[in-house]
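The values are calculated or read from the model by the stated rules, or taken from the named source; none is laboratory data. These numbers come from a predicted model, not from an experiment. A quick note on method: Cβ atoms are made from the backbone with ideal geometry, for glycine too, and the neighbour counts reach across all protein chains shown. The accessibility values were calculated without ligands, DNA or RNA, using every heavy atom of the protein model including side chains. Shrake-Rupley method; radii C 1.70, N 1.55, O 1.52, S 1.80 Å.
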Amino acid sequence: MSMKSRKQAFLPILLLALFVSSKAFAGETGGDLVAPPTRSEVRNRVFATVEKIESKTVFFKAEDGTVRDFGIKEAKRDGLRGIKRGAWVALEINDQNNIAHINKAAVGTIEKFDPEKRKVAIHVGKKARVYPLEDAALGKLADARKGARIKLELDRRNRVVDAELG
């Protein structure tokens, strides 16, 4: 085999190898760029009560007995102004097991659930309170019955954004 015929046989194989490798490594060199995450992903939600408030820190006690703390400045940023001892909150926990976000919460028993009006009335202690429902919470309350225990996650305007029966 002559040198010229070897070059002609080698050239298509070289071009095919370059084409395949450029497709295989396109993601690493800027093919489909994906923005890096800006903060940790929320892993789960935990309902807790405000255990105590000290100079710059709020301490929360989760239902499983775990105590977590969060800065008052950050809590106010999340919309928890005037928070008091004993108040219920919903803590969003990130993948590093830290509090990522805090929302107000209400825990009680269902007095009335009205899917047409998109409202739920619950007893919290001796008081009854009515909360408007967002779409996500409405779907989770399809099996809600009077007297059932319920936990509600509320937004800044006291609308129910998430709910948990039981």
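Are there strands (runs of 3 or more DSSP E) fully within segment 89-166 with at least 1 residues that are aliphatic (A, V, I, L, M) and touching a residue at least 24 places away in the same chain (Cβ under 8 Å)? List them.
Details: elements: 99-114, 119-124, 127-132, 149-154, 160-165.
Here the list reads 99-114, 119-124, 149-154, 160-165.
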Output the number of residues of segment 100-121 satisfying the condition of being in contact with a Leu (Cβ under 7 Å, 6 or more places away or on another chain) and over 18 Å from Val50 (Cβ atoms).
5
Is at least one residue of segment 98-109 of a type outside the set (Asp, Glu), over 23 Å from Arg43 (Cβ atoms) and open to solvent by 50 Å² or more (accessible area, probe 1.4 Å)?
yes
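Residues that are among the polar types (S, T, N, Q), exposed (fewer than 14 other Cβ atoms within 10 Å of the Cβ), at pLDDT 75 or above and not in a loop (DSSP other than H, G, I, E, B): does segment 58-73 have at least one? Give the steps one after another, and end with the answer.
Filtering segment 58-73 for residues among the polar types (S, T, N, Q) gives 66.
Those still in the list that are exposed (fewer than 14 other Cβ atoms within 10 Å of the Cβ) too: 66.
Imposing the further condition that a residue be at pLDDT 75 or above reduces the set to 66.
So of that shortlist, the ones also not in a loop (DSSP other than H, G, I, E, B) come out as none.
No, segment 58-73 contains no residue that is among the polar types (S, T, N, Q), exposed (fewer than 14 other Cβ atoms within 10 Å of the Cβ), at pLDDT 75 or above and not in a loop (DSSP other than H, G, I, E, B).
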